[in-house]
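Right, one structure below, let's go through it.
The values are calculated or read from the model by the stated rules, or taken from the named source; none is laboratory data. In this text the structure is predicted, and so the values were computed from the model without any measurement. Virtual Cβ from ideal backbone geometry, glycine too; neighbours counted across all protein chains shown.
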Amino acid sequence: MNCIKCGGALPGGALYCPACGKKQTGQPRKHLKRANGTGTVYKLSGRRKRPWVAAKNRITIGYYETRTEALLALEHVSGKKLTEQYNMTFKDVFEGWKEEHYKTVGTKSVSSYDRAYDVFEPLHGQRFRALRTRDFQAVMDQYSGRSYSMLAKLKNLIMQMSQWAIREEICTTNFAKFVQLPEKGKKEKEIFTDTEIKKLEDDGSEAAQIVLMLIYTGMRIGELFQLRTIDCHDDYVVGGEKTEAGRNRVIPIRPQGRPYFKHFRESASGELLLSGYHGQHDQDNYRKRDYYPLLARLGIEKKTPHATRHTYASQAVKGGVQPELLQKILGHADYSTTANIYTHIDTDTLVKAVEGY
């Protein structure tokens with residue numbers, strides 16, 4: 001072998017020429033072979049923006065501009081056994097998450113989650129671990145004019161999906177929690193006043209009795225319409241829906257409401273408590289054709305049937321019911337839901353709460 005500059009003979013393997021000192025061009029060094037199970041990095045042929053590939057367990061982790069970036073990606077998953085699950089798309093994660101979650105919620109919640117999933121259609125085919133806050137936010141921003149509650153449901157879906165993906169080691173960060181929702185104005189919850197309740201009691205119609213049954217138990221309208229006669233007792237019922245904490249719970253009946261439950265129990269013509277009701281047996285039809293016309297006829301300000309639940313919770317707090325008991329009666333998994341959403345505290349109660357300090 002001769003020197004590339006002066007042509008003099010070189011000793012075997014010499015890096016510099018002993019005669020002129022010129023550094024010789026050696027053969028390119030080969031990269032050390034990675035240990036088994038640590039993954040591999042290789043370069044694709046052709047002109048590509050990201051030619052370097054990082055892979056592990058025959059699973060492609062990603063494509064990168066430089067070999068260094070590909071190696072860093074391998075380090076990120078060091079110690080993890082990867083499967084095809086690692087590259088699950090938004091759609092795949094939703095299917096995996098809902099298989100578990102839908103067993104714990106009611107049909108209305110399932111329908112709500114399905115509608116929220118449809119909103120994220122632009123992300124369905126993308127790898128979930130590659131999605132970032134900006135991706136979720138871009139979809140959400142297209143619906144910025146919609147109600148706060150709808151946007152909150154959208155965020156709730158991707159939050160839960162992200163938590164599921166973290167548990168399954170598909171990703172490491174819940175980027176959905178950084179999605180921004182518009183400012184929500186604090187709105188006082190509607191409740192039935194004592195005067196309005198008196199109007200319902202004086203009316204005496206079966207439609208009014210159903211409203212009073214809701215006010216005196218705090219049940220959701222769907223829970224009452226699905227309540228079986230066999231589960232109705234003199235001073236309590238066993239029922240509920242929506243969440244694990246809400247199903248099959250003991251719901252005490254306030255003394256004022258017991259005569260109404262007794263009436264429907266004795267007049268029931270089928271399995272359900274309200275089977276003997278002479279009005280609409282479907283809760284949505286009852287709401288439209290019986291409930292709202294009743295309020296209009298009695299001169300009661302229009303409010304949703306859910307206002308009966310707010311009324312019950314507010315009266316319970318005012319009456320001194322212990323927070324943990326009220327939480328169980330209403331079927332909430334977290335008392336913050338009870339306190340922040342379902343209670344309306346009037347001025348007199350607040351003033352009396354600090355008297356004697």
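Filtering the range 90-111 to residues that are farther than 19 Å from ASN174 by Cα and either buried (at least 17 other Cβ atoms within 10 Å of the Cβ) or touching a Lys or Arg at 6+ places or on another chain (Cβ under 6 Å) (or both) leaves VAL105, GLY106. If you check GLY46, GLY96, GLY106, GLY125 for being out of contact with any Ser or Thr (no Cβ under 9 Å at 6 or more places or on another chain) and assigned by TED's automatic domain parsing to the domain that holds ILE166, only one passes: GLY96.
Just checking, does the range 186-195 include any residue being closer than 21 Å to ALA313 by Cβ, touching a His at 6+ places or on another chain (Cβ under 7 Å), touching a residue at least 60 places away in the same chain (Cβ under 8 Å) and among the basic types (Lys, Arg)?
Yes: one or more hits.
Note on the range 239-329: enclosed helices (runs of 4 or more DSSP H) holding 2 or more residues that are among the polar types (S, T, N, Q) are 307-318. Scoring GLY125 on the criteria (1) within 15 Å of the chain's Cα centre (by Cα); (2) surrounded by fewer than 15 Cβ atoms within 10 Å (Cβ to Cβ); (3) not in a helix (DSSP H, G or I) leaves a single failure, condition (1). Within the range 108-125, not a single residue is out of contact with any Pro (no Cβ under 9 Å at 6 or more places or on another chain), among the β-branched types (Val, Ile, Thr) and at pLDDT below 90. Here no helices (runs of 4 or more DSSP H) wholly within the range 134-231 include at least 3 residues being aliphatic (A, V, I, L, M) and touching a strand residue (DSSP E or B) at 6+ places or on another chain (Cβ under 7 Å).
Could you list, in sequence order, all residues of the range 256-268 that are without any contact (Cβ under 8 Å) to a residue 12 or more places away in the chain and farther than 12 Å from ILE230 by Cα? Residues satisfying the conditions are PRO259, SER267.
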